[in-house]
């Protein structure tokens with residue numbers, strides 16, 4: 001009887017906790033996007049001599065891949081369709097916001113319409129137009145999510161003894177991101193980079209069975225599956241691409257660090273970690 005009372009009390013508490021927020025279940029509160037393994041490197045880049053003005057029109061999914069599913073046809077996309085938003089957010093956080101000045105281009109139609117509305121309203125009331133000109137960008141960042149290879153690595157292991165056992169299965173997918181910087185004045189591609197990121201999925205299952213009587217079989221199954229978030233994998237690939245682009249620009253003399261004495265170490269430390277061999281300097 002006491003066990004029943006405790007169970008009812010716990011269920012009531014959970015129900016009340018959900019009702020207090022208007023939500024039916026006591027789910028975790030919303031949180032900011034988690035950092036990736038490359039976030040710290042992007043945020044702590046040495047300060048540039050001056051910010052680089054860039055524009056991002058689009059950063060599309062160029063893979064054409066649907067979400068992998070072995071059971072039925074899946075029409076959901078394998079990767080996020082919001083690549084441009086992720087790229088802009090990464091650019092604004094690179095070097096604690098000191099590296100890039102990003103101008104609005106994906107919502108340019110809305111921006112122009114709002115500016116036109118302000119100018120027309122000011123003219124109607126005989127006021128002088130006070131809007132400054134729209135800022136230009138020296139570089140356009142182009143590219144996209146260029147590859148998604150599902151089941152790049154699969155495997156598992158399991159064992160069972162006297163009706164008790166378990167197994168582990170895993171799968172690895174790979175997402176590839178391409179990014180390039182294009183000069184607005186000449187149309188020349190000044191720098192280009194490609195990055196890859198693995199996405200892991202792991203499933204752990206356990207089961208046991210025992211004959212309760214001669215004719216009755218008791219079977220218990222437990223399991224859990226964990227999947228790396230695809231959007232975070234794309235973000236990590238974009239973060240590394242932005243860092244790589246910044247390093248490549250310093251190497252080619254397109255821009256400089258605020259402390260130019262740090263440039264040689266800045267380039268070599270990146271090459272040691274990510275490049276198989278040092279890249280030629282311009």
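Coordinate-derived values only; no laboratory data. Here the structure is a predicted model, which means the values were calculated and not measured. Cβ placement follows ideal geometry from the backbone for every residue including glycine, while neighbour counts extend to all protein chains displayed.
A Gaussian network model of the chain, with springs between Cα atoms under 10 Å, assigns the largest mean-square fluctuation among 192, 150, 124 to 124.
The structure shown yields Kirkwood radius over Cα pairs in Å, and of the options [x] 18.6; [y] 23.6; [z] 20.0 that calculated value carries the label [y].
Can you tell me the 0 to 90 degree angle between the C-alpha axis of helix 108-124 and the longest principal axis of the chain, rounded to 10? Rounded to the nearest ten degrees, it is 50. The long axis of helix 83-93 is offset from the longest Cα principal axis of the chain by roughly 70 degrees. Stretching the chain fully between residue 76 and residue 130 yields a gain of 14.8 nm (0.36 nm per residue, less the alpha carbon separation). Computed extension length for residue 111-residue 272: 53.6 nm, one decimal, from 0.36 nm per residue of separation with the Cα-Cα distance subtracted.
One decimal place: the segment residue 103-residue 57 gains 15.6 nm when fully extended, by the rule 0.36 nm per residue minus the C-alpha distance.
Highest mean packing first, where packing is the average number of other Cβ atoms within 10 Å per residue, the peptides 41-48, 233-240 line up as 233-240, 41-48. Our helix-only sum for the chain, with -39,500 (n - 2.57) per DSSP H run of n ≥ 4 divided by its residues, gives a mean residue ellipticity at 222 nm of -10000 deg cm²/dmol. The modelled label-to-label distance between residue 198 and residue 256, using points 7 Å beyond Cα along the C-beta direction, is 4.1 nm.
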